[in-house]
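The values are calculated or read from the model by the stated rules, or taken from the named source; none is laboratory data. As the structure is a prediction and not an experimental result, all values here were calculated from the model. Reconstructed Cβ throughout: ideal geometry from the backbone, glycine too, with neighbour counts over all protein chains shown. In case anyone asks, the SASA skips ligands and DNA or RNA and just uses the protein heavy atoms, side chains included. Shrake-Rupley method; radii C 1.70, N 1.55, O 1.52, S 1.80 Å.
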Amino acid sequence: MTALVKTIARAFPANSPQINILQQLLLFALAGLFVSVLLATYGVDLSPGLF
């Protein structure tokens, strides 16, 4: 997780307030996507036998 945050931080330099806003929006969208995937897989049998 730390590597992902560092990669995103390198992609957006910290010298512009607009970039900081975009970075926060991107992180919020990624968190929403993560929660959506968790909710979509709730109750689904993801055991090795499924694959």
Tabulated pairs, segment 28-47, first at pLDDT below 95, second surrounded by fewer than 10 Cβ atoms within 10 Å (Cβ to Cβ), C-beta under 9 angstrom, 6+ apart or interchain: V44/L50
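Being open to solvent by 100 Å² or more (accessible area, probe 1.4 Å) and farther than 17 Å from V5 by Cα is the filter here; which residues of segment 21-44 pass it?
At the first step, the residues of segment 21-44 found to be open to solvent by 100 Å² or more (accessible area, probe 1.4 Å) are 21, 24-25, 28, 33-34, 39, 42.
Answer for segment 21-44, where residues must be open to solvent by 100 Å² or more (accessible area, probe 1.4 Å) and farther than 17 Å from V5 by Cα: L39, Y42.
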